[in-house]
Amino acid sequence: MGVKVGGGLRGLRARMPRLLRARMPRLLQAGMPRRPRAGVPLGAARVGAGGPPSRGGTSPAPASTPAPAQPPPRRTHKWRRATLAALITGAVVLPLSAAARPEIPAPPPATLAPLTATTLDEAYAANRANAAQASRMAAAHGDTERAAADRAMAAPTRTLLHFDGRGSGRATEVLGDLTNAGHIAVLVPGSDTSLDTYARFHKAAAALHTQLTRTDPRTAVIAWLGYETPATISPTVTTTGRADEAAPQLRKFMSELRAVVGGHPTVSLLCHSYGSVVCARAAGTDDDATGLDATDLVLLGSPGTGADTAAALHTRARIWAARGADDWVAEVPHIRTGFFGITVGFGTDPMSPAYGAHTFAAGGGGHSDYFAPGSVSLTNLARIVLGDTSEVTRA
């Protein structure tokens, strides 16, 4: 039996972040014991002067007579497992949707000389040409959405360090003058980011670059879509599998970046949502001391990193964390546990004092609002990237 794919499924996947936010509080209550309302004893809602008579015709106890006091229910780990079960079971419909979608033809990535300051323009031109070819192939295949996305990447103003139109797609884009930048920000995205949704990722990078250049024109922002991100609602988003695959690619890119710009510019990693797991895995831990060369590492709307503390990450970077007041990630259990033989969850909340990150204010925004123009979070992110850490508003 074939699987029907296309606009309907794609539209559903596009709506998933909003649906998740709407459903998350209910899912998180799955398996949790109900607590009595303040001042109302357990069972009081079911008895009283206006209630039905009990069996045998006996009148119920008067409302003024309190039910016998009972100890509050103890929390157990069962509700946590129920939550994870609800998330994973309900997600089984979508994790293979990308695989079910017919493969979009695209050329292999352009063959490039090693990246240096002198080969950047050559790389930009070759990747734009590759994106243009990918657009033509997608159009011939009948996928107008991907054709439009690739065509946008091929515009003369785009400066791509890397482009691969195959599958969900990969792209690394520079905003600003990389060779003359004194401060560089690298954005690492979270779930549901691909070439099909790249426009919103680019919008976030552009907003940050605009904010930075108001203070210092010698800045650059890099949008790094260097891995296959998980779907927002899928089993893969609850494990480190995709992050483990992405981590070597991010380390490789950071090394290539240093080869281009040298050791002078500051480089800040801004890691959103599941991207924070990627950044943490790239840094490694005390047990897996790989290392990551960055000035600052920022965790935005993080579900956890898989590390118990910021100190466990093998990096000299300052570790920052922020979460908007309306971010649904706050409702996700910060646990790490075995589930059907798989380690699920990412452990300690980076916003908790126990984690040890520098927490800063992100305003009242939601999970997708950290780079909103004029927001508290964007202002603080720019201060971190520019090294104005004393001006950062603390949480």
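Things to note:
- A simple rule links phi to the HN-Hα coupling: the Karplus curve 6.51 cos²θ - 1.76 cosθ + 1.60 with θ = phi - 60°, which for the range 356-361 gives x, 7, 7, 8, 9, 6 Hz, with x for Gly and Pro.
- Comparing 368, 328, 346 along the charge dipole axis of the range 299-395, the residue lying farthest to the positive side is 346, per the Cβ-charge model.
- Long-range HN-HN contacts of residue 159 with modeled amide H, under 5 Å: 174
- Per-peptide average of other Cβ atoms within 10 Å, ordering 221-227, 173-179, 331-337 highest first: 221-227, 173-179, 331-337
- Peptides 201-214, 139-152 ranked from most to least packed by the mean count of surrounding Cβ atoms within 10 Å: 201-214, 139-152.
- Convex hull volume per residue in cubic angstrom - Cα atoms of the range 185-251: 89 Å³
- At an R0 of 45 angstrom, the distance between the Cβ atoms of residue 215 and residue 340 translates into a FRET efficiency of 0.35.
- Residue-wise HN-Hα coupling along the range 270-275, computed from phi with Karplus coefficients 6.51, -1.76, 1.60 (Hz; x: Gly, Pro): 10, 10, 9, 6, 4, x
- Counted residue by residue at 0.36 nm each, then reduced by the alpha carbon distance between them, the extension gain from residue 326 to residue 103 reaches 76.6 nm.
- Part-to-part distance (alpha-carbon centres) for the range 123-144 and the range 208-253, which is given in Å: 23 Å
- Principal axis dimensions, the range 137-232 - Cα atoms, whole angstrom, descending: 44, 31, 18
- Stretchable slack from residue 180 to residue 141, in nm (0.36 nm times residue separation minus alpha-carbon distance): 10.0 nm
- Using R0 = 25 Å, the C-beta based FRET efficiency linking residue 119 and residue 318 works out to 0.20.
- Built amide H within the under 5 Å cut-off of residue 185, gap 5+: 220, 221, 222, 268
- Peptides 354-364, 296-306, 113-123 ordered by average Cβ neighbours within 10 Å, highest first: 296-306, 354-364, 113-123
- Relative contact order for the range 144-199, counting Cα pairs under 8 Å that sit 6 or more residues apart, in percent: 38 percent
Every number in this text was worked out from the coordinates using simple rules, so none of it is lab data. Treat the numbers as computed from the prediction; the structure is a model and nothing was measured. When we count neighbours, we look across all protein chains shown, and the Cβ atoms used for this are built from the backbone with ideal geometry, even at glycine.
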